[in-house]
Every structure is written in structure tokens, then in C-alpha cells.
Amino acid sequence: MAKGVVKQRKSRRCLWCIVAIVILGGIAGGIYYVVKKKILDKNSSSTSSLEDKYSDALKIAMQFFDVQKSGKLVDDKIPWRGNSGLKDGSQAKLDLSMGMYDAGDNVKFGFPMAFTATVLSWAILEYGEHMEHINQREPAENSLAWITDFLLNAHPSQNVLYIQVGDPKEDHKCWEKPEKMTTKRPLKLVNSSKPGSDVAAETAAALASASLVFKKTDSTYSSTLLKHAKQLFTFADKYKGSYTKSHPEVATYYNSTGYGDELLWAASWLYHATGDTTYLRYVTEENADKYAKVDGPTWFSWDNKLAGAQVLLSRLSFFGDKGAKGNSGIDDYKKSADELMCALLPDSPSATASRTKSGLIWITKWDSLQHPVGSAFLAVLYSDYMRASDNEILSCGYDSFEPSDLRKFAQSQADYVLGDNPMDISYLVGYGDKYPEFVHHRGASIPVDATTGCTEGFKWLSSKKPNPNVAMGALVGGPFKNESFIDSRNNSMQTEPTTYNSAVLVGLLSSLVNTSSPVKSLNEN
């Protein structure tokens, strides 16, 4: 009997052990749940805070396209802007009133304007859902159409393309608002006797990419864009030559260092828009040897599209495009894109030394932010391609990196632009507590009610007062290599904004607003 009692007590002790374990486990589990929830909430809050920052910045950046519009403004959102350039193109019996001024002056340059449209299209195609989430897709598409309408009108026949409205030399002798221009508005064009493969091919890329943007919402307009894109590419390829050789005077402003990259870029976009493998063969066979063989990574900009073409074509490799299957040339482009990504990552063994002490990619003192923003946009695209296709590893020498590493790099460049820099200044006008107030921009610097002629307006250029009008969304040139910045209207090297830099920034910010898998085919948009 005693043994039975002992056995019973042991049994009860075990029962209490189980109860205790359950209770303690429940408490521990509760503690774990609370702690985990706090961590998740904190991470969620942190992520939400980041996304809010980039959303706010994107809404501001998008406004600069409205600042730069030429023509009869509809539903004008910039109170100090008005109609301008309404007779542009009239001497050729063309309506070239639309389009956008490239920077702080009153000239419309077709080469950088077309690049603006191509990049804006790319941003919409990849991150349109992100834009839509914060009601920015429609403004982006409207701004894109404002440019593509101009480009269509600038291409009146198959082998003719008008590439410039206004004389920059004469324009720079004046300081006046676009609404009150007194200078003549001459036109420049390229044709079979004065070729411009670079500008014609970039315009083809712009129209081909835009045709994808409008494919579902306006099929007729999309077809028109694609028709002109094909014609312009044929023109660019048949009559080879640089537009700055045909018009040497333009080289001072937008000199083209070659047209091979634009031909590859345009053919890449035309393949995405048409699925025609003729364009794929163009970029992977003889022309690849001519135009794609370079030593080391190149920098994406309005003048050099090769890095952009490499990333765009790598899409086909990542997502197993049927037309590209077994095409070793596409793999070569992906390898080049890999090399570029390895150069951008600061911890990579092949990291570029071309950056500031704080980590900003830095290539040139003129318009220094164009390269870091462009690099960051390509990096985040590549990151998303890797993640969406389950290619989670990027090999750089003996080191390996993940998509998150590329995204972290892209964020570092965006954050620098938005104020995380030694100057504690946001280089995006209108964002943050401190941003440039002396932007090199005619319209922003002259009061709305001021009456000025050509030269009288220069008093506003030299004024010591901040601009009376805020050029909302302007991305200024940026810092010097030592990370200093002089906010002066006369310092056009650092304070002049451009539409093409804004387009790349819009793409970058759109990618950071949210995280989602990109579509496998750009034709799915």
C-alpha cells in the first residue's frame, strides 16, 4: 500500500509538472508573441515610414514635369506657369508647341527629351502599380504623352525628324520667362543628308516604350507610336551618323559621344514592344560586336544608354523569354549587367572607387547627381528581377550578394538626394525642411507680375533674394566631389535642374515606394 501511495504522489507530481509546463509555456509564448509583435510592428512601422518618405518625395518629383511643359497648358497645376511656345514649329507648318524645356532655359532639345520619355515609360511599365497606389500613375502618363505628342509631330515623314526648337546661343543671351520669350524659335532637323542616328534611335526607343504604356488604355495611340518607332529605327540604322556631326553647334550643349548605344537601346525596346526577333538578332549578332563590346561598366545617362540596354535585355534572361531562349548574346548582356552591379555595390571586390566619402556615386562635377540616381535606378530594377525570378545570388569574384544588397545601395543613393548627406540638404526642391532656394531656372527666378525684355531679366539672375517661385520637384545638379554645395543662381553647374534627371529619379522613387514582383513581360501592362 505504501508503494501505491508513493506511486500516486509521483503521478500527481508529474501532473503538476505538466500543468506548470503548460502554464509557463503559455506565459513564455505570450511573452514571445508580444515581443515578436513589437518587433514586427517596429519593422512594419520602419518600412511604412520609409515608404511614406519615398511616396512623399515621388509626389513632389512628379511636379517638375508640369513646371517644364511648353504649349497651351490644360488644368495647370503650377500657378506661376502659363502658355508658351504656342507658335513653335509654325515655319515648317508643324505643331511643335508641346514637349518640355530641358532645364532652366527655354530651348526644347529632342535628344534629352526623348530620353526623358523612354525612362519615364520604363518607370511606369515596371512600377506603375506603385505609382497608382499613391495616385501618381495618371500624372506620369499625362506627362509622358505631353512629350510623345511632340515627338510624333516632330516626325512628319519617314526620314525626317525635327530635333530642336529654339537657338540656345541666342536664348542664353536673355533671361526671360518662357511665357514672355522674345527670341526667334528656329528649328533643327536630321534627315538622310544630315543624319542623326543617336537622336533618331533614342526617339524610336521613346515611342516604342510608350507604345507599351498605352497599349491597353489607348490601342490606337499605341499603334501610332509603334509605327513611328519602327520608321525612326530604320532611318537611324540606314543613314548612320551622329547628330552633333550634322549640327556641330549643338555639341556645346548635348554632345553625343556615339550612336551605337542608342541603336542597341532602341532595338531592345522594339523587341519588347513587338516580339519580333529581328530586333533581338540586331542586338546580339554583328551589332553587339560593333557597339556592345566595352571595357568595364558604363554609366547610364542621356548620352550613354548601354548600361540601360544591358539591364533591359537581362530581363529576357531572368524571365526565360521564349524568343531569347538559347541566345548566347543575351547571356553576354546579362554578364555585363552583373559586372555593373558588382561595381555599384560598395562591399564588392570590384566596387568602383568613383564615389564620395559618404558613398554617393560621383563621376562628374557638372550635374553630378545624374549618375548616382541612374545607377540606383538600374540597381533596384536588377534587384527586383533577381528576386522575382528566384535568382537570389549575384557573384562578384569570390563574394556573393543578394537582391537586398542592391536595394540597400539604391536606397542609400536616394536617401543622399533626399537629405542624408554632409550638407543636410535635400537636392529635391520642395522636399524636406532645407532645399535649394536659388535654383538656376528662368521661370522660377522671375516674379509672375514682372515685365522683362531679353536682357532686363538678368537682374533676377543676379538677385540676392531666393527665387520667388518654387520649382517644385526639381532635382538640382548636386554636390562636388568633396560633398560641398553652393546654392547660387549663377552656379548652373550645381543648381540647374533637368527633366531627364527627374525621369530617372521618378523611376527610382517609384521602385522604393513599395516592394512587389515585376511582371515577366512588359507586354503584360
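The values are calculated or read from the model by the stated rules, or taken from the named source; none is laboratory data. Quick caveat: nothing in here was measured; it's all calculated off a predicted structure. Note that each Cβ is placed from the backbone with ideal geometry, even for glycine, and that neighbours are counted across all protein chains shown. Please note that ligands, DNA and RNA were not included when accessible areas were found on the heavy atoms of the full protein model with its side chains. Shrake-Rupley method; radii C 1.70, N 1.55, O 1.52, S 1.80 Å.
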| Residue check, GLY432 open to solvent by less than 60 Å² (accessible area, probe 1.4 Å) and touching a residue at least 60 places away in the same chain (Cβ under 8 Å) | no
| note | Of the residues in segment 483-499, those that are farther than 18 Å from GLU141 by Cβ and under 21 Å from the mean Cα position of the chain (by Cα) number 6
| Positions within segment 404-424 being of a type in the set (Ser, Thr, Tyr) and open to solvent by 60 Å² or more (accessible area, probe 1.4 Å), in sequence order | SER404
| query | Among the residues of segment 305-342, which ones are open to solvent by 30 Å² or more (accessible area, probe 1.4 Å) and closer than 20 Å to PHE409 by Cβ? | reply | LYS334, LYS335, SER336, ASP338, GLU339
| task | Kindly indicate whether PHE401 is buried (at least 21 other Cβ atoms within 10 Å of the Cβ) and more than 27 Å from LEU475 (Cβ to Cβ). | result | yes
| Is it true that LYS194 is within 28 Å of ASP276 (Cα to Cα) and basic (Lys, Arg)? | no
| query | Looking at (1) under 30 Å from GLU496 (Cβ atoms); (2) assigned to a helix (DSSP H, G or I); (3) not hydrophobic (A, V, I, L, M, F, W, C), which is the only condition SER368 fails? | reply | (2)
| Residue identified as among the small types (Gly, Ala, Ser) and at pLDDT 95 or above among SER328, SER223 | SER223
| message | Can you find, within segment 344-375, the residue that is most open to solvent (accessible area, probe 1.4 Å) among those that are within 14 Å of TYR427 (Cβ to Cβ), of a type outside the set (A, V, I, L, M, F, W, C) and in contact with an Asp or Glu (Cβ under 9 Å, 6 or more places away or on another chain)? | response | SER358
| remark: Being over 20 Å from SER143 (Cβ atoms), in contact (Cβ under 8 Å) with a residue 40 or more places away in the chain, surrounded by 17 or more Cβ atoms within 10 Å (Cβ to Cβ) and among the β-branched types (Val, Ile, Thr) narrows VAL250, VAL213 down to just VAL250
| message | Can you tell me which of (1) out of contact with any Cys (no Cβ under 7 Å at 6 or more places or on another chain); (2) buried (at least 20 other Cβ atoms within 10 Å of the Cβ); (3) of a type outside the set (Asp, Glu); (4) outside any helix (DSSP H, G or I) is the one CYS174 doesn't meet? | response | (1)
| message | Suppose we keep only residues that are touching a residue at least 60 places away in the same chain (Cβ under 8 Å) and surrounded by fewer than 24 Cβ atoms within 10 Å (Cβ to Cβ) within segment 376-398. Which one would you say is nearest to ASP52 (Cα to Cα)? | response | ASP384
| query | So which residues in segment 90-107 are over 22 Å from PRO497 (Cβ atoms) and in contact with a helix residue (DSSP H, G or I) (Cβ under 7 Å, 6 or more places away or on another chain), if there are any at all? | reply | LEU94, ASP95, LEU96
| What number of residues within segment 105-144 satisfy the criterion of being among the β-branched types (Val, Ile, Thr) and more than 25 Å from ASN255 (Cα to Cα)? | 2
| said: Among the numbered criteria (1) open to solvent by 30 Å² or more (accessible area, probe 1.4 Å); (2) under 25 Å from THR203 (Cβ atoms); (3) within 25 Å of the chain's Cα centre (by Cα), which one does ARG281 miss? | reply: (3)
| note | Out of (1) open to solvent by 40 Å² or more (accessible area, probe 1.4 Å); (2) touching a Phe, Trp or Tyr at 6+ places or on another chain (Cβ under 8 Å); (3) modelled with pLDDT under 95; (4) within 22 Å of LEU418 (Cβ to Cβ), the one VAL448 does not meet is (4)
